[in-house]
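The values are calculated or read from the model by the stated rules, or taken from the named source; none is laboratory data. This is a predicted model, so every value here is computed, not measured. FYI the Cβ positions are ideal-geometry reconstructions off the backbone, even for glycines, and counts take in every protein chain you see.
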Amino acid sequence: MTTQSNYKVQNIVATASLGKPVPLTKLARTQPNTEYNPETFPGLVLRVKEPKSAVLVFSSGNLVCTGTKSIAQVKQVINAVIRQLRKINVNITAKPKITVQNIVASGTINLKLNLNFLALELQNTEYEPEQFPGLVYKLAEPNATFLLFSNGKLVCTGTKNKAQLEDSMDQLLNNVKTALKNYQ
């Protein structure tokens, strides 16, 4: 049985620190692509058109970037934020250190899956078909969580780099193949 998986990164959540405070009220007043309601949330939402993403900007200078599909895009977005901050005279001199917090990928393992059977055979699963049609499967190392569907489609979340993502996908495939051998 030569089953392989293919996947596509859908979202990367990354954090960065600009190393200096940001005047959020001034940023919100002068930049049209922002939303800021300090009564409900302490961060300002800054939307970037290309690559399409959103950045939470905190007054401490910490950023949370979401919506990108690669590290290169994360860097582009952070640079776009820095350019906007220059317009309000906040000059960032140090290069921000970017830390990936989570990668979300979707894909398929090209197999029909018996989720009831996999819930019994695999460890660390949750499956409540009355509540949700997917099986939740957690790996310990690397830390990854999968949503598996009976048509073979999947979502993977929790990894922090491409190597962890690929390792997780390989482990998932091997574990499912081993379980399916017991099924036949």
Looking only at region 98-126, which residues are under 13 Å from N151 (Cα atoms), among the hydrophobic types (A, V, I, L, M, F, W, C) and either without any contact (Cβ under 8 Å) to a residue 60 or more places away in the chain or part of a strand (DSSP E or B) (or both)? L115
What are the residues in region 81-105 that are more than 23 Å from K160 (Cα to Cα) and surrounded by 16 or more Cβ atoms within 10 Å (Cβ to Cβ), if any? I82, Q84, L85, V90, I92
Take the conditions surrounded by 15 or more Cβ atoms within 10 Å (Cβ to Cβ) and aromatic (F, W, Y) and apply them to F58. Does it pass? yes
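Name the one entry in Q84, Q101 that is at pLDDT below 95 and either in contact with a Ser or Thr (Cβ under 7 Å, 6 or more places away or on another chain) or not assigned by TED's automatic domain parsing to the domain that holds V176 (or both). Give the derivation first.
Details: Q101 fails: at pLDDT below 95.
Only one candidate passes the filter, namely Q84.
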Only residues in region 44-62 that are more than 20 Å from P21 (Cα to Cα) count as the first member; pair them with residues that are at pLDDT 95 or above and among the hydroxyl-bearing types (S, T, Y), Cβ under 8 angstrom, at least 6 apart or cross-chain, and list the lot. P51/T68; S53/T66; S53/T68
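Regarding V74, is this residue in contact with a Cys (Cβ under 7 Å, 6 or more places away or on another chain) and in contact (Cβ under 8 Å) with a residue 60 or more places away in the chain? Talk me through it step by step, then tell me what you get.
Details: in contact with a Cys (Cβ under 7 Å, 6 or more places away or on another chain): yes; in contact (Cβ under 8 Å) with a residue 60 or more places away in the chain: yes.
Considered against the rule, which asks whether it is in contact with a Cys (Cβ under 7 Å, 6 or more places away or on another chain) and in contact (Cβ under 8 Å) with a residue 60 or more places away in the chain, V74 comes out as yes.
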